[in-house]
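Remarks on the structure that follows.
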């Protein structure tokens with residue numbers, strides 16, 4: 001029969017091993033292939049590592065492959081946009097406000113084993129931008145103004161990424177909503193980052209931008225008002241597999257704490273540190289987390 005002291009030592013050892021196993025749990029963090037997403041993946045990876053998790057970061061993926069990987073159980077958590085889930089993944093065409101969009105995707109994705117945690121105040125919706133001087137000279141301040149100019153015979157070259165060109169809430173339905181067409185010969189597809197350079201350098205007159213991108217103020221662009229409310233809300237929020245969250249419910253607290261710190265201005269500043277100031281993503285992520293005592 002084991003002595004009480006020995007039993008105590010065995011119990012203590014078991015608790016220590018259990019804690020070590022929990023801390024060694026690997027969480028696979030995903031991310032898409034543009035600056036904001038790479039930043040969020042890196043911040044998430046650093047945050048969870050500091051909380052004792054082993055992190056496998058897989059950033060740089062396209063939207064559809066990333067979502068498919070999460071549904072297949074290959075990605076545990078990544079930051080998604082409410083509008084993307086609503087329209088692209090769940091095929092909802094109804095126009096909803098920000099809160100209704102969040103509640104709808106939360107409900108629909110729960111059926112697929114995915115949990116939407118608390119949304120941030122960052123709304124990285126799409127926008128069409130022009131150089132400020134051109135916008136003012138031509139009197140184009142809204143998408144309706146843009147449509148009127150093109151329908152009046154003005155030729156304006158537009159740059160966007162391949163995803164926006166093809167997606168169901170992208171170029172074609174936007175043009176249909178506003179009743180105009182750039183014309184196939186006037187649409188240039190390129191990587192997202194190159195769109196900003198092409199617009200800045202005058203290679204195109206209009207470019208697709210993300211609302212929280214730091215290059216918009218840095219390059220003195222004007223985002224044209226979406227006066228018909230075409231683009232849905234794209235609130236940024238952490239989405240995690242229910243199975244992973246059930247195993248480690250503390251992940252919600254960690255990720256919600258980060259989400260609460262983010263809004264349009266914060267994301268624009270962080271994005272600008274990478275894209276304009278040329279700082280390393282790892283450095284920007286670390287500095288932000290440390291400044292808020294998260295790591």
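What residue, of 108, 86, 114, is within 24 Å of residue 162 (Cα to Cα) and buried (at least 17 other Cβ atoms within 10 Å of the Cβ)? It is 86. With respect to the stated conditions, residue 50 fails to be at pLDDT 95 or above and buried (at least 23 other Cβ atoms within 10 Å of the Cβ).
Here residue 91 meets the list (1) buried (at least 16 other Cβ atoms within 10 Å of the Cβ); (2) at positive phi almost entirely, failing just condition (1).
When 146, 117, 199 are screened for being over 19 Å from residue 87 (Cβ atoms), assigned by TED's automatic domain parsing to the domain that holds residue 104 and in contact with a strand residue (DSSP E or B) (Cβ under 9 Å, 6 or more places away or on another chain), only 117 passes. Listed conditions (1) over 18 Å from residue 232 (Cα atoms); (2) touching a strand residue (DSSP E or B) at 6+ places or on another chain (Cβ under 8 Å); (3) outside the structural domain of residue 196 (by TED's automatic domain parsing) are all met by residue 112, apart from (2). Restricting attention to the range 229-263, the residues being modelled with pLDDT of 95 or more and within 19 Å of residue 164 (Cα to Cα) number 2.
The values are calculated or read from the model by the stated rules, or taken from the named source; none is laboratory data. Worth saying up front: this structure is predicted, and the values here are computed from it rather than measured. Note that we place each Cβ from the backbone using ideal geometry, even for glycine, and neighbour counts take in every protein chain shown.
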